[in-house]
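K.L.:
Input: one structure, supplied below.
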Amino acid sequence: MEFDLSLEEAGFRDEVKAFLEAELTEEVRGGMFVDTPARVAFVDKLAAKGWLGMGFPEKYGGSKKPIALAQFILNVELELAHAPIVGKNVGVIANTIFHNGSEEMKDEFLPKVFKNECQWALSYTEPQAGTDLAALQCKCEDKGDHWLVNGTKRFITSAHFADYHWVAVRTDPDAQKHKGVSIIIMDADAEGLTYTPQWCVGSTGAERTNEVFYDNVKVPKNRLVGEINKGFIYLMQALDYERFAIISFAARVRRFNKVAEWVKEAEFGGKKLSDDPAIRSKFATLATRVEIGTMLEKMCICVAAERVPNTEAAMNKAWASTIGTEIANLALDAMGPYGYLWDGSEHAPLEGEMVDQYLMHGHSRVAAAGVDTSKTIIARRLLGLPDPLGKPFLPNQAK
Amino acid sequence: MDMKYTEEQKQLQDLARRYLEKECTIDFVRNLEKKDEEIGFSKEMWASFAEMGWLGLAIPEEHDGMGWGLVDQAILAMQMGRSICPSPYLSTAVIAAEAIVLGGTDDQKSELLEEIIGGEAVYAFCFQENTREFGPKTVALEAKADGDNYVINGSKMFVEFSKGADKLLVVTRTAGKVGEESGLTMFIMDSDTKGITHTHLPTMARDRQYEVKFENVTVPKSAVLGPVGDGWTILNKVVQKAAVIFSAYCAGTAEVMHEYALEFSKERVQFGRIIGQMQVIQQYLATCTIEIYGARTIVLYTAWHMDQGRDMLDYVAKTKAFTSHCVEHICDRGSQIFGGMGYIEETPTTLHLRRGKQYQLSMGGMAYWEDIVAEKMFGPVTA
Ligand SMILES: Cc1cc2nc3c(=O)[nH]c(=O)nc-3n(C[C@H](O)[C@H](O)[C@H](O)COP(=O)(O)OP(=O)(O)OC[C@H]3O[C@@H](n4cnc5c(N)ncnc54)[C@H](O)[C@@H]3O)c2cc1C
């Protein structure tokens, strides 16, 4: 048992911290996406450090992992500093291609990912296929010398600045629903690909996602990832990783500390807000719950040194997304009516950030396996309970 | 970073699990609960604890203990919590032992620690006063110097095992007034010292708690443990360790309750299927799972850091607050999963239901510890 970072781990963490101190400008800070020239330039510098391809072979543009936990330490520090995060490209795209893609695909895409030469949209969700992703219908037909894709996707974040779409498509309409899915890589400027914005609830700087239409989009044959009709397996593997790598708990810690700092300084009617016994008690309860999130993340990190955390990642995800809302909710409670003042009001505490958090954080409870789905994963995979929608189980049939 | 148990820790856990599952069964606990007059723990079991080295686990080797740490005690206490083992382990092997190690004179150490390690002296911890608050500031029990003696007058509440214990570790006030942290002095005395009376307090856990009255109890100055008037400097550390071990115990109880409920959910059939196939039951069980993993991790994390000699007050407070919540929540939710049977005395889990809430209210409840968390965040209340 060893809860401290080792000398090498702490050294790497300090190196990342120093890098962020030097390179993370105000212009870059504050968004998780690589969606502006300044943010692209920032991630270019991460790439130049060799921090995007850690653990991947050099021939694909990868670099030696300085330590087993490097990826996770990097993610946590990026989140703590409110920098754009890199989990999606490296974690989902590069990992899936590396483990399942053809040699040609690895040669083409891995170096680009590790050099930050491309941004990606994960194009899974459809109007009729959300949590039940395997119900997706986006049609992908084999036309001999190309694939032909037709369908509608929604909530596709990054589609408006991405270079490639990573699309979950149906390649076998007759197979069982999990068994007819594949993943293809589509150029964002392909003919027949259009999108319209779906603005997230929030203030003027709010996040954006997109509805995407594929209308007879032709995709080269070699852009199908791995084996045909194995796509759902790849998606599930990548989601285990995403629940943990993209959604680091550190962002919640940062936000909670920011709110606590605000409470500490706030005065209303000459009275310090932090003297209020109800405020003290509620913040103490939440501080404890935030700490538990940190613990669950540490647990995941330790597991990750040996294997991809799956049920542990689901615990981390479920707790993190619940706590995120609790933080924003309590922040607004503490602010009273000032809590509903928005961006633009000089009286809005923390520039109205917590309003946006309150309104939007719930999406983390539904996306990338939300709270309900994460708990289902725990119930099914860890506790051995049967599928609620499957055939009835009798005693001794469950594990 | 790495959370794995060492080989020795695994062995300790396995031995404890095997021993307690065999000896400390539900029937065994029920038997101890039955009669109010009895001491509430088993002397034979206590002797076995001594034999297995558990009572001296964290006592330094120079005093003939095993010299292990708080984290190892926590691993053991989780197993005790799983069996809701009624024993004065906390008050004796954690609180008294640590207080003596930190505050005892050489003579006290050589005499008293050996008795603890050998299982010859059982201690009860007389700290909590007749108030809903907890902590050094609440201590009112008066000890007055009188020649070579001290004379003690007043009372303590919620003292576990005080009647069956051989000795009492008594926290008194020798200076200052209630509301101050300083002025405290610890004493060690026999539990049947003249002038001490123990009145049983019926509790929902049916454990052995007493109101202890001190009427002109006269003890020699040699009964003092640690500095006169500055007892909190030592006791502070002791109480923090005790809180972590109590937390480990709570995590263990929560864990086993969850296992019972999970098992039941795979057996009980309604609507033609096991209830564990119903999504709402799955969600309850999954929520409890997350809390248990969180609780276990924070217990080990805090204990491990304390073993490195670090100030962890804030984490101790969070550990105690969270595990307290957890054990209450899981014992309550687990009982619900049992349906009507969850509320019939003969069902084993009613033992856990009766304990979950009581544990939450014990040792400072949530309030004392959450105050500490708040103070760390915001500083003391200024108004
Ligand atoms: C801001 C934002 C960004 C997003 N970005 C992307 C992206 O980049 N790419 C992408 O592909 N998708 C993206 N999504 C989509 C997201 O993954 C989906 O919203 C999510 O999968 C849920 O699907 P749904 O919205 O159709 O809800 P539904 O699946 O219809 O769910 C509705 C409710 O029912 C519950 N529910 C559904 N099934 C079950 C079940 N079996 N058991 C218990 N409860 C259940 C859900 O938890 C939820 O509360 C994004 C969404 C948002 C809001």
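K.L.:
Can you give the Kirkwood hydrodynamic radius of the range A:122-231 from its Cα pairs, in Å with one decimal?
P.N.:
The Cα-based Kirkwood calculation yields 14.1 Å.
K.L.:
To the nearest 0.05, what FRET efficiency results for B:Thr131 and A:His99 with a Förster distance of 60 Å applied to their C-beta separation?
P.N.:
It comes out at approximately 0.45.
K.L.:
Hey, got the dipole for the range B:1-77? About the Cα centre, +1 on K and R Cβ, -1 on D and E Cβ, debye to the nearest 20?
P.N.:
So the dipole magnitude of the range B:1-77 works out to roughly 320 debye.
K.L.:
How crowded by other chains is A:302-310, given as the mean number of beta carbons from other chains within 10 Å of each beta carbon?
P.N.:
Mean number of neighbouring Cβ atoms from other chains: 1.
K.L.:
Now a separate question. Please check: in the Gaussian network model of chain A (C-alpha springs, under 10 Å), which one of A:Asp275, A:Asp356, A:Asp240 has the largest mean-square fluctuation.
P.N.:
Looking only at A:Asp275, A:Asp356, A:Asp240, the largest GNM fluctuation is found for A:Asp275.
K.L.:
Now a separate question. How far is the Cα center of the range A:165-194 from the Cα center of the range B:98-132, in Å?
P.N.:
70 Å
K.L.:
Relative to the longest principal Cα axis of chain A, at what angle does helix A:277-304 sit, 0 to 90 degrees, rounded to 10?
P.N.:
The angle comes out near 30 degrees.
K.L.:
In addition: Can you run the Rg to Rh ratio on the range A:143-194? Use alpha carbon positions and the Kirkwood inverse-distance Rh.
P.N.:
Across the range A:143-194, the Cα-based Rg/Rh ratio is 0.98.
K.L.:
About the Cα centre of chain B, how large is the charge dipole given +1 on each Lys and Arg Cβ and -1 on each Asp and Glu Cβ? Please answer in debye to the nearest 20.
P.N.:
1260 debye
K.L.:
Now, a different point. What fraction of the Cα pairs in the range A:245-399, stated in percent, has a spacing above 22 angstrom?
P.N.:
That tail contains 50 percent of the Cα-Cα pairs.
K.L.:
Out of all Cα-Cα pairs in the range A:1-115, roughly what percent, to the nearest whole number, are more than 19 Å apart?
P.N.:
46 percent
K.L.:
Over the Cα atoms, compute the radius of gyration (one decimal) and Dmax (the largest Cα-Cα distance, rounded to a whole number) for chain B, in Å.
P.N.:
Rg then Dmax for chain B, in Å: 20.9, 78.
K.L.:
I need the calculated FRET efficiency for the pair B:Lys177 and B:Asp27, taking r as the beta carbon distance and R₀ as 35 Å, to the nearest 0.05.
P.N.:
0.10
K.L.:
While we're looking at this one, here's another question. Which is farthest toward the positive dipole end of the protein assembly as shown among B:Gly65, B:Leu141, A:Ser248, measuring Cα position about the Cα centre, with Cβ charges +1 (Lys, Arg) and -1 (Asp, Glu)?
P.N.:
Working it through, the farthest residue towards the positive pole turns out to be A:Ser248.
K.L.:
Okay, next question. Using a Cα distance threshold of under 23 Å, what count of lysine pairs results for the range B:7-122 when pairs must be 8 or more residues apart or interchain?
P.N.:
Close lysine pairs under the 23 Å cut-off: 6.
K.L.:
Of all beta bridges DSSP finds with both residues in the range B:14-171, what is the antiparallel percent, to the nearest 5?
P.N.:
That works out to approximately 55 percent antiparallel.
K.L.:
For the range B:140-188, what does the equivalent ellipsoid look like in terms of its semi-axes, each the square root of 5 times an eigenvalue of the Cα gyration tensor, given largest first in whole Å?
P.N.:
Taking √(5λ) for each eigenvalue gives 20, 15, 8 Å, largest first.
K.L.:
Counting partner chain Cβ atoms within 10 Å of every residue's Cβ in B:273-281, what's the average?
P.N.:
The per-residue average across the peptide is 6.
K.L.:
Please arrange B:Leu57, A:Leu193 by how many other C-beta atoms lie within 10 Å of their C-beta, fewest to most.
P.N.:
A:Leu193, B:Leu57
K.L.:
Of the residues A:Glu79, A:Glu126, A:Glu346, which exhibits the maximal mean-square fluctuation in a Gaussian network model of chain A defined by a 10 Å Cα contact cut-off?
P.N.:
A:Glu346
K.L.:
So how much slack lies between B:Glu51 and B:Lys194, counting 0.36 nm per residue of separation and subtracting their Cα-Cα distance, in nm?
P.N.:
The span from B:Glu51 to B:Lys194 would gain 48.2 nm if fully extended.
K.L.:
Which number do you get for Rg(Cα) / (2.2 N^0.38 Å) in the protein assembly as shown?
P.N.:
That works out to 1.08 for the protein assembly as shown.
K.L.:
Taking a 18 Å limit on the Cα-Cα distance, which of the listed pairs A:Lys49/A:Lys112; A:Lys139/A:Lys230; B:Lys144/B:Lys177; B:Lys156/B:Lys357 fall beyond it?
P.N.:
B:Lys156/B:Lys357
K.L.:
Also, I was wondering about something else. Could you calculate the contour length gain from A:Ala41 to A:Leu341, that is, 0.36 nm times the residue separation minus the distance between their Cα atoms, to one decimal place in nm?
P.N.:
Taking 0.36 nm per residue and subtracting the Cα distance, the gain is 104.6 nm.
K.L.:
Report, please, the projected area of the range B:268-383 averaged over directions, based on the convex hull of its C-alpha atoms, in nm².
P.N.:
9.8 nm²
K.L.:
If you don't mind, there's one more thing I want to ask. Which angle from 0 to 90°, rounded to the nearest 10, does the C-alpha axis of helix A:37-48 make with the longest principal axis of chain A?
P.N.:
80 degrees
K.L.:
Here's another thing I want to ask about it. Over the whole of B:312-323, what's the average partner chain Cβ count within 10 Å per residue? Rounded to a whole number, please.
P.N.:
That average works out to 3.
K.L.:
Still on this model: Pop the C-beta distance of A:Glu265 and A:His160 into the FRET formula with R0 = 35 Å and round what comes out to the nearest 0.05.
P.N.:
For R0 = 35 Å, the calculated efficiency reads 0.35.
K.L.:
So for the protein assembly as shown: antiparallel DSSP bridges make up what percent, rounded to the nearest 5?
P.N.:
Taking every DSSP beta bridge with both residues in the protein assembly as shown, the antiparallel ones total about 85 percent.
K.L.:
Using all alpha carbons of the range B:7-122, what is the percent of pairwise distances in each 10 Å bin, ordered from the shortest bin to the longest?
P.N.:
14, 46, 31, 9, 0
K.L.:
Next up: Among A:Leu341, A:Gln119, A:Leu133, flag the residue with its Cα farthest along the positive direction of the charge dipole of the protein assembly as shown, charges on Cβ as +1 for Lys/Arg and -1 for Asp/Glu.
P.N.:
Highest projection toward the positive end goes to A:Leu133.
K.L.:
Which value, in debye to the nearest 20, describes the size of the charge dipole of the protein assembly as shown about its Cα centre when Lys and Arg Cβ atoms bear +1, Asp and Glu Cβ atoms bear -1, and nothing else is charged?
P.N.:
1900 debye
K.L.:
Angle between the Cα long axis of helix A:103-114 and the longest principal axis of chain A, 0 to 90 degrees, nearest 10?
P.N.:
Once rounded, one gets 20 degrees.
K.L.:
Using only the Cα atoms of the range B:54-159, each taken as one equal point scatterer with no solvent, compute I(q) by the Debye sum, divide by I(0), and report log10 of the ratio at q = 0.10, 0.15 Å⁻¹.
P.N.:
Values returned for q = 0.10, 0.15 Å⁻¹ are -0.36, -0.77.
K.L.:
Next question. Hey, if you drop one equal point scatterer on each alpha-carbon of chain A and run the Debye formula without solvent, what base-10 log of I(q)/I(0) do you get at q = 0.11, 0.15 Å⁻¹?
P.N.:
So the normalised log intensities work out to -0.87, -1.52.
K.L.:
For chain A, modelled as a Gaussian network with Cα springs under 10 Å, which listed residue fluctuates most, A:Pro388, A:Pro349, A:Pro84?
P.N.:
Sorting by GNM fluctuation, first place goes to A:Pro388.
K.L.:
What nm distance separates the two modelled labels at A:Asp4 and A:Glu27, each placed 7 Å from Cα along Cα→Cβ?
P.N.:
Spacing of the two 7 Å Cα→Cβ label points: 4.1 nm.
K.L.:
Of the peptides A:376-383, B:373-380, A:290-297, how do they stack up when ordered by the mean number of other Cβ atoms within 10 Å, highest first?
P.N.:
Top to bottom by mean Cβ count within 10 Å: A:290-297, A:376-383, B:373-380.
Values quoted throughout were computed directly from the atomic coordinates according to the rules given, and no laboratory measurement underlies them. Computed from a prediction, not measured in an experiment: that's the story for all the values here. Please note: Cβ atoms are built from the backbone with ideal geometry, for glycine as well, and neighbour counts cover all protein chains shown.
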